[in-house]
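Down below is the structure, laid out as C-alpha cells.
Every read-out reported here was derived from the displayed coordinates using simple, explicitly stated rules and does not represent laboratory data. For clarity, every value in this text was computed on a predicted model and none was experimentally measured. When we count neighbours, we look across all protein chains shown, and the Cβ atoms used for this are built from the backbone with ideal geometry, even at glycine.
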2 protein chains.
Amino acid sequence: MAQSQYLTGDASAINAFLDKFDVFLIDCDGVLWSGDHVFDGVAETLEMLRSRGKKTVFVTNNSTKSRPEYHKKFESMGIPSDVEEIFGSAYSSAIYISRILKLPPPQNKVFVLGEAGIENELRTEGIRFIGGTDPSLRRDITPEDWKGIADGSLLDPEVGVVLAGLDWHINYLKLSHAYQYLRRGAIFLATNVDPTFPMNHNFFPGAGSIGAAPLANMTGQKPVALGKPSQAMMDAIEGKFMLNRERTCMIGDRLDTDIKFGIEGKLGGTLAVLTGVSKRADWEAKDAAAVPAFYVDRLSDLRAAER
Amino acid sequence: MAQSQYLTGDASAINAFLDKFDVFLIDCDGVLWSGDHVFDGVAETLEMLRSRGKKTVFVTNNSTKSRPEYHKKFESMGIPSDVEEIFGSAYSSAIYISRILKLPPPQNKVFVLGEAGIENELRTEGIRFIGGTDPSLRRDITPEDWKGIADGSLLDPEVGVVLAGLDWHINYLKLSHAYQYLRRGAIFLATNVDPTFPMNHNFFPGAGSIGAAPLANMTGQKPVALGKPSQAMMDAIEGKFMLNRERTCMIGDRLDTDIKFGIEGKLGGTLAVLTGVSKRADWEAKDAAAVPAFYVDRLSDLRAAER
C-alpha cells in the first residue's frame, strides 16, 4: 500500500514539496471553496505559489460555465486569477472536438445537452452546434416530434457528435433527439461523468447522471469523458500549457477524480486536501480509488512554507 | 443448447401446444400490434383461445397508462378484452407497494416519476403519493429549491418510496427531489427498466433510461423493477389470477424481457413471435438472453388449430 506524506505544520517538508514542482493543477470546489464559502487563506496561498514562480491552473469538471464565466466566479470570491489559468470540462470538450476529433465537414456539428458555458467554449473553437440552450427544445414532446424524430425529418443530418453535459433544462424531447443522433452513428462525448455535485452542503444530480447515464443506458455505449479523471482532459491541458508532467502536481479533494487523474496522468505528484469529499480513511482503505503522494488538512497549510 | 419448436403451419403441433396450457400471458407491443398498427387476425386468435376455455392476460411494461386507459387502447384497436385481463407495470407497482412492501404510516408516501397511469393505479390501491403529474414540479429549479431540497425543508418527511416510471415531463427539479428522498433512505422502485420502447418504427427513451438510470447512477443503487422480466411482477400476477404456473404460457416478442420472464417464472412454456424485436438468430446465438420453448411467425398462426 502506498504511503501518503502529511505536510501540515512541517515547514521544511512543505518547502521540499514545493521545490519538486513548477506547475500546480488545482481543483476548485472542496479545495478553494465549498459552494459560496471561500476557505480562509486561499488567496494568500495562491499568491505565495505565484511569488515562488509556480504556475497555477484551475482544473474543474464544471461544464455549465465557460472560462470567462468561471473567471467571474473567482473574482466574486476575491480569488486572484487569470482567465487563461482556468480549464473547465466545457473547454476541454471543445478542444477535444476541434483539435483531436477534427471531423471533416459537413457532418461535424455537435448536438449539445447543456448550458451556455458549453456553447460559448464551442464557439471560441469555431465548432458548429445545435441543441443546448435553444428555447425551441424547452417544451413537451408532440406527435409531430415523435414522427419527425423517428423518420429523421426533424433531425439535422450534419450532426456527428453528441456532447452531454450538465443541463438544468433536460427533458424528454432533448434526450430523444440525442438518442437518435447516437443511433445514427454520432460520436458520444460527455463533458464529465460526475454522478453528483456538491451544492448547499448537500448533493444534486451531476452531468454524468442527467445526460450521460440515460444515453448510455439507451445505447449500451459509454461516452468519452472530457473531465477528470479522464486522460483526454490531461492531454488537452498538456497541449495547451506545454507542461512537464514530472514537474507538475495535482491538488484536489477527491480520490476518484482529482488524485486518480494525477496518478494516471503520471504527474510528478498529487496533493490531497481534507476540506472536501475524501477523508484520510478513504485512501487508507484497502479498496482506495487512489492514494495521494502528499496531503494537508487545508490548502492554506502550504503557507507555513513562507519565509 | 435448448431447442425451440416451430409451430407455424403445423396444426397438430399447435393443438398439442394449446392443450398444455390454461392461461396465456400475452405481451402487447410486437405481439398484438406495432405502434398503431394491429396485426392481422389478432382478434380472431384471441377469440379462438377463449372459445377453447383459455384465460388470456395482457402483460405489459407500459407504465404510462392505468388498466382502464390501456383497455381503451384495446377497444380503439378493435381487440376484444376485459379491463381485468390487463396487467401493466404501473398496476404491478401499486400491488407490490400495497400488498408486499406494506410500509407502516406515516412514512409510506410514494414520490412518483411518471404519468397519470401510475397515479391512477396507486389510487386504486389506496396509496398516498406526491410528484407525478403535479404541475408545480413542471418548471426550472430555483435558488429556493436548491436551498429547500438541500436542507430538507421542501421535502415531504412522509415519503418512504421513490417509484420511477416513464415520465414525459422529466426534469432536473423532479430528479433532484427523487434523489434526495433516496439519500434519506426511501425504497427505490421502478415500474420497469426498459432502456427504450418502440414507437413510429423507431425507438425512444424508455422508463429505465429516463428515471431509473439517472437515479441509479447518482445513488449507486439498483431499483426493484416491477415490470418484465422481474419476478416481482410474476408474483403479483400469480397472486391476482391464482394461476397454475405449469399450465401457463408466456407469449412475447422479446427474449430479454418476455421469454426470460416466463422461463425464470418457471412457467410451463414460452412462445416467441417474430413480429417484434427478437429474431430466430437471437436465440440461436451462443449468448442468447433466453430460448423460447416454441415459436411462430405471428400470433395468428395459432389459428391453424381451428377445427
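Loop-located trypsin sites (Lys or Arg not before Pro) in region B:145-237 (DSSP state other than H, G, I, E, B) with a sparse environment of at most 15 neighbouring Cβ atoms within 10 Å: B:ARG184. Taking every alpha-carbon pair within region B:102-225, the share separated by more than 24 Å comes to 23 percent.
Measuring from a point 7 Å out along Cα→Cβ, what nm distances, shortest first, does A:ARG139 have to its partners in the other copies? Counterpart label points of A:ARG139 in the remaining copies fall at 2.0 nm. Distances between copies at A:GLN107, taken between label points 7 Å from Cα along the C-beta direction, are 5.3 nm in increasing order. Cross-link reach is defined here as a Cα-Cα straight distance under 13 Å, omitting same-chain residues fewer than 8 places apart; for B:LYS266 the aspartates and glutamates meeting it are B:ASP235, B:GLU238, B:GLU246, B:ASP258. Note on chain B: helix-only mean residue ellipticity at 222 nm, from DSSP H runs of 4+ residues weighted -39500 (n - 2.57) and normalised by residue number, equals -8500 deg cm²/dmol. Per residue of A:190-202, other chain Cβ atoms within 10 Å of the residue Cβ number 3 on average. Here the spin labels are modelled as points 7 Å beyond Cα on the Cα-Cβ line, and at A:LYS102 and A:LEU274 they lie 4.8 nm apart. Only Lys, Arg, Asp and Glu carry charge here, each on its Cβ (+1 for the first two, -1 for the last two); on that basis chain A has a dipole of about 620 debye about its Cα centre. Here region B:102-225 is treated with +1 on each Lys and Arg Cβ and -1 on each Asp and Glu Cβ, and its dipole about the Cα centre works out to around 260 debye.
If we hang a label 7 Å off Cα along the beta carbon direction at A:ALA232, how far is it from the matching labels on the other copies, in nm, shortest first? Nearest to farthest, the other copies are at 3.4 nm.
Of the cross-linked pairs A:LYS55/A:LYS279; A:LYS109/A:LYS240; A:LYS228/A:LYS260; B:LYS260/B:LYS286; A:LYS72/A:LYS240; A:LYS147/A:LYS174, those separated by over 19 Å at the C-alpha level are A:LYS55/A:LYS279; A:LYS109/A:LYS240; A:LYS72/A:LYS240.
Per the rotation superposing chains A and B, the chain A residue found at the smallest beta carbon distance from the axis is A:ALA213, 2, distance in Å. Normalised by 2.2 N^0.38 Å, where N is the number of residues, the alpha-carbon radius of gyration of the protein assembly as shown equals 1.11. Exposure proxy shown here: for A:ASP29, A:ASP235, B:ASP27, the number of other Cβ atoms within 10 Å sets the order, fewest to most, as A:ASP235, A:ASP29, B:ASP27.
Sort out the exposed loop GluC sites (Glu not before Pro) in chain A (DSSP loop, at most 16 other Cβ within 10 Å) and tell me the longest stretch that has none. With GluC sites (Glu not before Pro) excluded where exposed in loops, chain A gives A:159-305 as its longest stretch. For chain B, the convex hull spanned by the alpha carbon atoms encloses 129 Å³ per residue.
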